[in-house]
Amino acid sequence: MSGLIVIGAQWGDEGKGKIVDVLAERSDFVVRFQGGANAGHTLVVNGKKVVLHLIPSGILHENKTCVIASGTVIDIEALQKELQTVTELGYLVSSKQLQISSTATVIFPFHKALDQARESSLGENKIGTTGRGIGPAYEDHAARKAILVGDLFDLDVLKAKLKSILEEKNALLKYYKQEQFTVKQMMEWAQSYLQSVEPYLTPDVGFNIYRAIKTGKRVLFEGAQGTLLDVYHGTYPYVTSSSTIAGSACTSTGIGPNMITDVIGVFKAYATRVGSGPFPSELKDDLGDYLQTKGFEFGATTGRKRRCGWLDLVAMKYATRLNGITHLALMKLDVLSGLDKIGVCVSYEINGKAVHEAPTKLSDWEKAKPIIEFLPGWKEDLTQVSSLKDLPRNATLYIDFISKHLGVPIDVISVGPGREQTLWVKPLFAN
Ligand code: IMP
């Protein structure tokens, strides 16, 4: 079996895109299994910055099959733009390179309008969503009302579904004092994107992935967002609306867990979070600003400043367990160069008690005070380091400390945004 899952072990934006990009070279299929255009994977290829929201980053490699699976929510307007970008850059040359599940859910403009209206009505209590309509689209799916990509091509079904959905959505939009949508408008809107989606429409992507793995092909599953944003296991309700953990790669594509060989948990050398919600190791001082500036921590989708803090090993231990992480990839280690000492959150204090496991209650997450252990820093610039033995001793100590605490090897270390700025302790998915 050769299914490899790459997931974010923190609150998203861990740098999964870069790891997926490198591993995609060694894969036959690259599968995006959940979320939508709320994600943003920034890649630097040959010095050029490319941001992908929906299309798996495997598209930047030749002879790969990229899949957007059933568990995703697809904004066809955003997808069309992305298709245009990768086509113009010369990466998408054949419809064989991309399969879009006909059972993925479509995000309509009314989903976005509702997402944004709800957020503004929540004021200070807002989730801080990306405003991309993710929550309302998943709600429709759970309510068994969603318009699936395949429905777009059956005008009678589309019209009937729109009629039923819009009755409810318009009532809600009226409640929020927002503009309403007509069936005709939405039919026309959908029509304008059909041509761009049609060449890639695939009825059963799960079967194709199953067959690929069964015949010895390598399939890479690319997670979006991060573990602590999982709709069931994250810092609920400050989460996204899909399941972001490794198990979701199976449920969202329609394959069995026995198809998976390994799970790579990607994490940054420190922690970040975009939007609202608990973040125990957050640094609300100059040091937090320093990490934000030095790490250039801005959301790839919304451009918002990311909140920054020390690495949180309580949250990471939780992520290791939830995902069954077998290998870790440590990103942005170079950002920590220059600090005298580096903090690591090793436990929380909640109601005066030391707590070593992630809480299950929001109020406990909110009360959690970080217990920080300090490790010695290093001054050397790491961006040119090309071999593990050239890492400063204190950087190696930092890596070993994390790996020992989590009981999982750190097999990849990233010291810059470029593909070449990656140190492989163990070659994963290699021949
Ligand atoms: P939504 O996914 O747009 O509904 O947003 C819900 C929460 O997840 C918000 O706090 C967002 O900032 C966060 N979020 C969604 N996508 C990402 C991502 O790709 N990286 C980091 N945070 C994200």
Coil-residue GluC sites (Glu not before Pro) of segment 18-119, DSSP, other Cβ within 10 Å capped at 12: E62
A354-S387 FRET efficiency (beta carbon distance; Förster radius 35 Å; 0.05 resolution): 0.35
GluC sites (Glu not before Pro) lying in DSSP loop within segment 303-394, provided at most 13 other Cβ fall within 10 Å: E357
Per residue accessible area in Å² of segment 267-424, where ligands, DNA and RNA are left out and the probe is 1.4 Å: 44 Å²
Structure-based [θ]222 nm, the chain - -39500 (n - 2.57) summed over DSSP H runs of at least 4, per residue, nearest 500: -9500 deg cm²/dmol
Global geometry of segment 283-371, whether rounded, prolate or oblate, following the gyration tensor of its Cα atoms and the 1.5 cut on a/c: prolate
Cα gyration tensor, segment 267-424 - rounded (a/c under 1.5), prolate or oblate: prolate
Euclidean distance of C-alpha centroids, segment 395-426 and segment 99-131, integer Å: 36 Å
Candidates A246, A329, A78: whichever shows maximal mean-square fluctuation once the chain is modelled as a Gaussian network with Cα springs under 10 Å: A78
Percent of alpha-carbon pairs separated by more than 22 Å within segment 105-195: 24 percent
Radius of gyration and Dmax over the Cα atoms of the chain, both given in Å: 21.5, 66
J(HN,Hα) series, segment 190-203, from Karplus relation 6.51 cos²θ - 1.76 cosθ + 1.60, nearest Hz, glycine and proline x: 5, 3, 5, 10, 4, 4, 6, 7, 3, x, 9, 4, 9, x
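The values are calculated or read from the model by the stated rules, or taken from the named source; none is laboratory data. Since we're looking at a predicted model, the values are computed, not measured. Virtual Cβ from ideal backbone geometry, glycine too; neighbours counted across all protein chains shown. The protein model used for the area step is the full one, side chains on, heavy atoms only, and it has no ligands, DNA or RNA in it. Shrake-Rupley method; radii C 1.70, N 1.55, O 1.52, S 1.80 Å.
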